[in-house]
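Inspection log for the structure reproduced underneath, given as structure tokens.
Values quoted throughout were computed directly from the atomic coordinates according to the rules given, and no laboratory measurement underlies them. Predicted model only: the values in this text are computed from it and were never measured. All Cβ positions, glycine included, derive from the backbone under ideal geometry; neighbour counts span all protein chains shown.
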Amino acid sequence: MNDARHPVDKLVELMSTLRSPCGCPWDKEQTRKSLTPFLIEEAYEVVEAIEGGNPRELKDELGDLLFQIIFHCQIARERGEFDLNDVAEHSHAKMVNRHPHVFGDAQLETSADVLANWEEIKKKEEHRKRSSMLEGLPKELPALLKAHRVQDKAARVGFDWEKLDQVIDKVEEEVGEFRETLHTKDPEKMEEELGDVFFSLVNVSRFIGVNPEEALRKTISKFIHRFKYIEEKAAEAGKNLSEMTLEEMDRLWDEAKKKGA
């Protein structure tokens, strides 16, 4: 027998069954707060699948993320707040409103024009009465990504450097100020100046169109692969890493680099 229902409808009904009195004990116990870590985890797994370049894995991870969204919509439906259809309708209306250059008469020629207009539209939306355009970023955002978003929002209204050289000069200035604080041995001052170094480096990444969070994740992955190579070679030689000299480990590190690890 063919099931003619829409796949999303089937998933919504499945979620309703899981939360029903005769459903799954674990699913019935979940709350918005208890599900938050899973929502974040699934979002990161989607990112990892994108970076891996495997469409099958991406489809799988997007499905897991969709399931989390439907889970939250089911909880909202039980509370009489909204359901998945309400979310979709609201998103559709919002996106039409924020694209007046596509669905209206606005003339926006560049991506920069679109982003600047996007911020202006957001300010006018009734539920977004904020004193600053920098408000509203999720507290849970990783610091590098949040720095990137803050800088990007400020740049949309013209608060930005004109040339990459200026951004690089700012990095060098901040590194110099950080060096000076090292002599003070003041933990708070060192922390502040180191934060300024990170922030200026994020500005470089934004200026050249690189996602700092993604760049750092890739570097971490590269470090792990190369360090594992050192561990493997040490094991082959019957040594513990603690028994090896720094020079020996550096040599193996260079080998790993040459092998493309």
Point to revise | the chain: relative contact order as a whole-number percent, Cα under 8 Å and 6+ apart | key: 10
Study note, to complete from the structure: Stokes-Einstein D for the chain (37 °C, 0.692 mPa s, Kirkwood Rh from Cα pairs), in µm²/s, comes to 140
Practice item. Compute the Rg/Rh shape ratio of segment 21-140: radius of gyration over Kirkwood radius, all on alpha-carbon atoms. Key: 1.04
**Study point:** Peptide ranges 133-142, 39-48 listed from the most packed, as the mean C-beta count within 10 angstrom indicates
**Key:** 39-48, 133-142
Check your understanding: Between Val204 and Leu246, what FRET efficiency comes out of the Förster formula 1/(1 + (r/R0)^6) with R0 = 30 Å and r the beta carbon distance, rounded to 0.05?
Key -> 0.50
Check your understanding: Any idea how far the Cα center of segment 139-218 sits from the one of segment 1-49, in Å?
Key -> 38
Check your understanding: Against the longest alpha carbon principal axis of the chain, how many degrees, from 0 to 90 and to the nearest 10, is the axis of helix 111-124 turned?
Key -> 60
Check your understanding: Under the Karplus relation 6.51 cos²θ - 1.76 cosθ + 1.60, θ = phi - 60°, what is the ordered set of whole-Hz ³J(HN,Hα) values for segment 69-79, x standing for Gly and Pro?
Key -> 5, 5, 4, 5, 5, 5, 4, 5, 5, 5, 8
Study note, to complete from the structure: Expressed in angstrom and ordered largest first, the alpha-carbon extents of segment 214-258 along the principal axes are 36, 16, 14
Study note, to complete from the structure: Expected vector for segment 48-57, Karplus 3J(HN,Hα) from phi with 6.51, -1.76, 1.60 and θ = phi - 60°, integer Hz, x for Gly and Pro, equals 5, 5, 4, 5, x, x, 9, x, 5, 5
Check your understanding: Using alpha carbons only, how many degrees (0 to 90, rounded to 10) separate the axis of helix 246-258 from the longest principal axis of the chain?
Key -> 50
Exercise for review: Could you work out the equivalent-ellipsoid semi-axes for segment 130-210, taking the square root of 5 times each eigenvalue of the Cα gyration tensor, largest first, in whole Å?
Suggested key: 24, 17, 10
Review point. Setting aside same-chain residues fewer than 8 positions from Lys258, which lysines have a Cα under 20 Å from its Cα?
Key: Lys218, Lys222, Lys228, Lys233
Point to revise | Rounded to whole Hz, the Karplus (6.51, -1.76, 1.60) HN-Hα couplings of segment 179-192, x for glycine and proline | key: 4, 5, 6, 4, 6, 7, 6, 8, x, 5, 5, 5, 4, 4
